[in-house]
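The values are calculated or read from the model by the stated rules, or taken from the named source; none is laboratory data. These figures come from a predicted structure and were not determined experimentally. Don't worry about glycine lacking a Cβ; one is built from the backbone with ideal geometry, like all the others, and counts go over all protein chains shown.
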Amino acid sequence: MKPALGPALACFLLLAAMVSLPPHHAYAVLPTVERVIVYKNQKIMQLLSGNEVVRSYQVALGRNPLGRKQRAGDCRTPEGTYIIDHHKKDSRFYKSLHISYPNKQDLAVARTLGQPPGRDIMIHGLPKGFEDLADFHYRRNWTKGCIAVNNAEMDELWRMVADGTPIIIKP
């Protein structure tokens, strides 16, 4: 008759099984995201931990993607350094992460133009009712200045990106 596994060995085997789960599994340990970088020209958003890219997403941007956002209604995605300042669950775009736009530079540009800078720039999922576009929504820039991912990707971002995380949006 074989002896039963000791409690320490059983815990070790359970922990080993959990660590070997694929990253998308609900119990997988998610990496700490220290910053988010968006490359507008490539339509790529990366999550970084240290210097390592831990996730990369294809994104849709504002309908007028060239250049930095200058004023409300220009349908441009901002460029600069911001903060993810809060998670927003009550969004018409599934879920969203609010970006701290405008910064001081954005306010100065808008003031020079005599225009309001705009507001409510976010990373968000798809509009309710458009979930079936998940696999190809990024092929066309369709937002009013936000950064869009599909809803499964938004769920992952929601769990991985904490409030206070820097986001750098590059041309």
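Quick grid of which residues meet (1) touching an Asp or Glu at 6+ places or on another chain (Cβ under 6 Å); (2) part of a helix (DSSP H, G or I); (3) small (G, A, S); (4) surrounded by fewer than 15 Cβ atoms within 10 Å (Cβ to Cβ):
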site: Q70; (1), (2), (3), (4): no, no, no, no
site: D74; (1), (2), (3), (4): no, no, no, no
site: I83; (1), (2), (3), (4): no, no, no, no
site: P117; (1), (2), (3), (4): yes, no, no, no
site: W158; (1), (2), (3), (4): no, yes, no, no
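Taking the criterion of being modelled with pLDDT under 95, outside any loop (DSSP other than H, G, I, E, B) and more than 11 Å from Q58 (Cα to Cα), the residues of the range 124-150 that qualify are E131, D132, L133. The set of residues from the range 65-84 being among the polar types (S, T, N, Q) and closer than 21 Å to S96 by Cα comprises T77, T81.
Looking across F136, F93, one residue alone is touching a His at 6+ places or on another chain (Cβ under 8 Å) and of a type in the set (F, W, Y). It is F93.
Selection of first residues in the range 111-132 that are in contact (Cβ under 8 Å) with a residue 12 or more places away in the chain and farther than 23 Å from I37 by Cα and of second residues that are surrounded by 12 or more Cβ atoms within 10 Å (Cβ to Cβ) and of a type in the set (S, T, N, Q), restricted to Cβ pairs under 7 Å at least 6 apart or on distinct chains, gives the following pairs, ordered by first then second residue: L113/Q70; E131/N151.
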